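Presented below is the structure to which this report refers.
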Amino acid sequence: MESNQIKTNYPALYTLIVVFFFWGFIAAGNSIFIPFCKHYFQLDQFQSQLVDFAFYTAYYVGALLLFIFSSVSGKDLVGKWGYKKSIVYGLLFSALGAAAMIVAVEVNTYAGMLIGLFIVALGFSLQQTAANPFAILLGDPKTGASRVNLGGGINSFGTTIGPLILAFALFGTTASVSDEDIANLPLNKVVYLYAGVGLLFIAAAALFYFSKKVPAGISNEPIEKANKAITTLVIITILLAVCFIPVFRTYQLDLSTYTASEMSVLEQFRMYWLLGAFLAVVGGLMLSYFLARKKPVGWGAMRYPQLVLGMIAIFVYVGVEVAIGSNLGDLLQQPEFGGHLSSEIAPYISMYWGSLMIGRWAGAISAFNLMGMKKNMLLIIMPLLAFTVIIIVNILAGKDMTPLYYYVFCVFIQIIMFFISKDRPAITLMIFGIFGVAAMIVGLMTDGTTAIYAFLAGGLACSIMWPSIFALSLMGLGKYTAQGSAFLVMMILGGGIIPPIQGKLADIIGIHQSYIIPVLCFVYLTIFAILVKSFLKKQGIDVDKVETSNAH
């Protein structure tokens, strides 16, 4: 129920929601762009996954730079600018990225497209840092979670239609385009798409900037010092560069004279360096925690085990969420999975990302303090409604959804899990983690429709994890809560590291078998749910009473 003292600023909120939509639209569209680029530019699976590397690494770089600048000045840079101006700056930066994408498409260079996506996502990083606290500021703090949830729901709708619109831009209305013919497709519609997206970024920025109803949102909260944590993150960044550069250099070699055995050795060399990048992040964070336990001064939020393990959990969660969807296109092209063409996979990609919407719409119910029969009915209705929306949107786009009708049974399994978890974040994360492990194992051990449904169900497993991990990781941090939140946002980096690792593994052992990576990711998330409950219990915190916020 809304407070009589503080009314929600609906014009500002509706403008802000447009920003949430952009994030989902572009991010999910990458899952279509990846298989397209693979065939258009004649890439291997690892190279095609560099779309994710460019996009999600930008989130990390942007969040890290903001944190460093804020720490040096002693004040939150975004708060100092004001949430309004920060979002305007972010939108204009993303518009610059859209322009870079247009130039790259015109000159037909893959590296240029990656740079364009990197710049777009840098803008998103700034927008996302400002948007969630801004949504809470636009009304009664007690109903802040519902506004963030509304943004999350619109974000998820963007992830559902993004693949469909990008598929239209790439392939047109043609029912199917052979993968061999992709290289001959004109890219003029991609230019139109990013021109349109860029203009929308600018229009949204203008709407924010000139609207007198949108408050400045200036905050002068001091920043807690964490110089040792900054040093660690910078070292991790350097190590990531050290690990990826040798891999990139091997793609500049003339491999035409390489024998099969020499290629095998080269692929293993690449894989070792990519695993090194993964260990640089996870090992660096764990080492930081052990050092912080001995001498907490200078480590800030990293002195808390729930935060460090939560950073790894967000890294793994975003990684697995993106990896499943981004590698799905190549999987669906295999004969045992239907032998679909790149131009035919949009409904499946839409259903995968739509699966996250299904869970988030159900998760948003808890923000409205409903009880009893009303809540139980909505826990059944909302997921089924979201599933229906996905089906209808795809049918309106001219897609054949017949093969996906029975996926509704997977949705019923998710509904049952919601009733069992009862809004308890640790239990929710554990149950959905186990479901993710089970789904991926079923997918690995089968093929055809059963395996496709199982891998798509990875989206259902991921749907509710972000708010659960966030809530558990920030519990008990006190004055370090804002800093801990910034550290968690940096770990969106996982979306740039784990998909390329799965892509390279797919080059070595095959795309189907490469889904062992998501299995391992879900195993860690399940273990985190168990461990964090133990850590928090030792700190005297009842994890079952924490409220979650369904924001991503």
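The values are calculated or read from the model by the stated rules, or taken from the named source; none is laboratory data. This is a predicted model, so every value here is computed, not measured. Cβ atoms come from the backbone with ideal geometry, glycine included; neighbour counts cover every protein chain shown. Areas reflect the complete protein model, heavy atoms only, side chains present, ligands, DNA and RNA absent. Shrake-Rupley method; radii C 1.70, N 1.55, O 1.52, S 1.80 Å.
What residue, of PHE208, PHE290, is in a helix (DSSP H, G or I), hydrophobic (A, V, I, L, M, F, W, C) and touching a helix residue (DSSP H, G or I) at 6+ places or on another chain (Cβ under 8 Å)?
PHE208
In region 65-87, what count of residues is obtained for those that are open to solvent by less than 10 Å² (accessible area, probe 1.4 Å) and within 23 Å of the chain's Cα centre (by Cα)?
Selection size over region 65-87: 3.
Look through SER421, SER473, SER485, SER468 and report the one residue that is out of contact with any Cys (no Cβ under 7 Å at 6 or more places or on another chain) and either closer than 28 Å to PHE337 by Cβ or open to solvent by 10 Å² or more (accessible area, probe 1.4 Å) (or both).
On the way: SER421 fails: either closer than 28 Å to PHE337 by Cβ or open to solvent by 10 Å² or more (accessible area, probe 1.4 Å) (or both); SER473 fails: either closer than 28 Å to PHE337 by Cβ or open to solvent by 10 Å² or more (accessible area, probe 1.4 Å) (or both); SER468 fails: either closer than 28 Å to PHE337 by Cβ or open to solvent by 10 Å² or more (accessible area, probe 1.4 Å) (or both).
That would be SER485, the only listed residue that is out of contact with any Cys (no Cβ under 7 Å at 6 or more places or on another chain) and either closer than 28 Å to PHE337 by Cβ or open to solvent by 10 Å² or more (accessible area, probe 1.4 Å) (or both).
So for region 356-368 (the condition being polar (S, T, N, Q), under 30 Å from GLN47 (Cα atoms) and open to solvent by less than 60 Å² (accessible area, probe 1.4 Å)), does at least one residue qualify?
No, region 356-368 contains no residue that is polar (S, T, N, Q), under 30 Å from GLN47 (Cα atoms) and open to solvent by less than 60 Å² (accessible area, probe 1.4 Å).
Anything in region 264-282 that is among the small types (Gly, Ala, Ser) and either open to solvent by 80 Å² or more (accessible area, probe 1.4 Å) or under 23 Å from ILE497 (Cβ atoms) (or both)? List them, or say none.
Step one: of region 264-282, the residues among the small types (Gly, Ala, Ser) are 264, 276-277, 280.
The answer is GLY276, ALA277, ALA280.
Of all residues in region 264-298, count the ones that are within 16 Å of TYR251 (Cβ to Cβ) and basic (Lys, Arg).
1
List the pairs whose first member sits in region 328-357 and is without any contact (Cβ under 8 Å) to a residue 40 or more places away in the chain and closer than 19 Å to ASP181 by Cα, whose second member is open to solvent by 10 Å² or more (accessible area, probe 1.4 Å) and assigned to a helix (DSSP H, G or I), and whose Cβ atoms are under 9 Å apart, counting only residues at least 6 apart or on separate chains?
As it stands, the answer is HIS340/TYR348, since those pairs meet every condition given.
Out of the residues in region 323-346 meeting the condition of being outside any helix (DSSP H, G or I) and not aliphatic (A, V, I, L, M), tell me which one is surrounded by the fewest Cβ atoms within 10 Å (Cβ to Cβ).
Among those residues, the one meeting the criterion is GLY339.
Among the residues of region 283-309, what is the count of those that are open to solvent by 10 Å² or more (accessible area, probe 1.4 Å) and within 15 Å of ILE469 (Cβ to Cβ)? Please lay out each step first, then the result.
Within region 283-309, the subset open to solvent by 10 Å² or more (accessible area, probe 1.4 Å) is 283-284, 286-287, 289-291, 293-299, 303-305, 309.
Still in the running and within 15 Å of ILE469 (Cβ to Cβ): 304-305, 309.
Adding up the residues that qualify gives 3.
Of the conditions (1) of a type outside the set (Ser, Thr, Tyr); (2) open to solvent by less than 80 Å² (accessible area, probe 1.4 Å); (3) closer than 30 Å to GLY139 by Cα, ILE218 clears all except one; give me its number.
With (1) of a type outside the set (Ser, Thr, Tyr); (2) open to solvent by less than 80 Å² (accessible area, probe 1.4 Å); (3) closer than 30 Å to GLY139 by Cα applied to ILE218, the lone miss is (2).
Hey, can you tell me all the residues within region 238-255 that are in a helix (DSSP H, G or I) and either within 30 Å of LYS7 (Cβ to Cβ) or open to solvent by 50 Å² or more (accessible area, probe 1.4 Å) (or both)? Can you show your working first?
Filtering region 238-255 for residues in a helix (DSSP H, G or I) gives 238-250.
Selection gives ILE238, LEU239, VAL242, ILE245, PHE248, ARG249.
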